[in-house]
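Take a look at the structure below.
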Amino acid sequence: MSVNYYAFGPFPGGEAGGDGLHIGQAAAAQRFLFRAHQDQGLTTLADWLALIGRHDVSIRNEAGRNVTPEEMQETMTATTDARGLPLRERFRHANEDRYITSGGHAFCRRHFH
């Protein structure tokens, strides 16, 4: 099972009443998969943390549940599941659509859900 997360605020894609700017996806037994938005400079964990930490940004999951910045950061950086078992990497090699940052975070440049 997977859950997608979205940011809302005063930036392209974040308009109230819209779908939100896709942050990425959490999936059972796997590390978080980030959505890269190169046109908005969202290409690293630090970029996303700066955005979700802003006072004018809200976060919701695909079911419409509000998520705090602290919860989102925990989800984005989790390396173990609730039982303490290691989460698998999403992929090991980069290609034209995806890359792995020096911190080991997986990003996808293409639209996904």
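Bear in mind that the values in this text are calculations on the coordinates, not laboratory data. None of these values were measured; they are calculated from a predicted model. Here the Cβ is made from the backbone with ideal geometry for all residues, glycine too, and neighbour counts use every protein chain on show.
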Residue with peak Gaussian network fluctuation, the chain [Cα springs, cutoff 10 Å], from Gln73, Gln40, Gln30: Gln40
Please turn the phi angles of the stretch 74-85 into ³J(HN,Hα) values with the Karplus equation 6.51 cos²θ - 1.76 cosθ + 1.60 (θ = phi - 60°), one per residue in order, whole Hz, x for glycine and proline. 4, 5, 5, 10, 4, 10, 9, 8, 4, 8, x, 7
Starting at the first residue of the stretch 53-61, write each ³J(HN,Hα) from the Karplus equation 6.51 cos²θ - 1.76 cosθ + 1.60 with θ = phi - 60°, in whole Hz, x for Gly and Pro. x, 6, 5, 9, 10, 10, 10, 9, 8
How high is the relative contact order of the chain? Use alpha-carbon pairs under 8 Å, at least six apart in sequence, and give a whole percent. 29
Please list the non-local residues whose amide H lies under 5 Å from the amide H of Glu62, H modeled 1.01 Å from N, same-chain partners needing a gap of 5 or more. Asn4
Which ³J(HN,Hα) values in Hz, rounded to whole numbers, follow from the phi angles of the stretch 34-42 under the Karplus curve 6.51 cos²θ - 1.76 cosθ + 1.60, where θ = phi - 60° and Gly and Pro get x? 7, 9, 7, 10, 4, 5, 10, x, 9
At most 15 other Cβ atoms within 10 Å and a DSSP loop assignment: could you name the GluC sites (Glu not before Pro) in the stretch 30-89 that fit? Glu62, Glu89
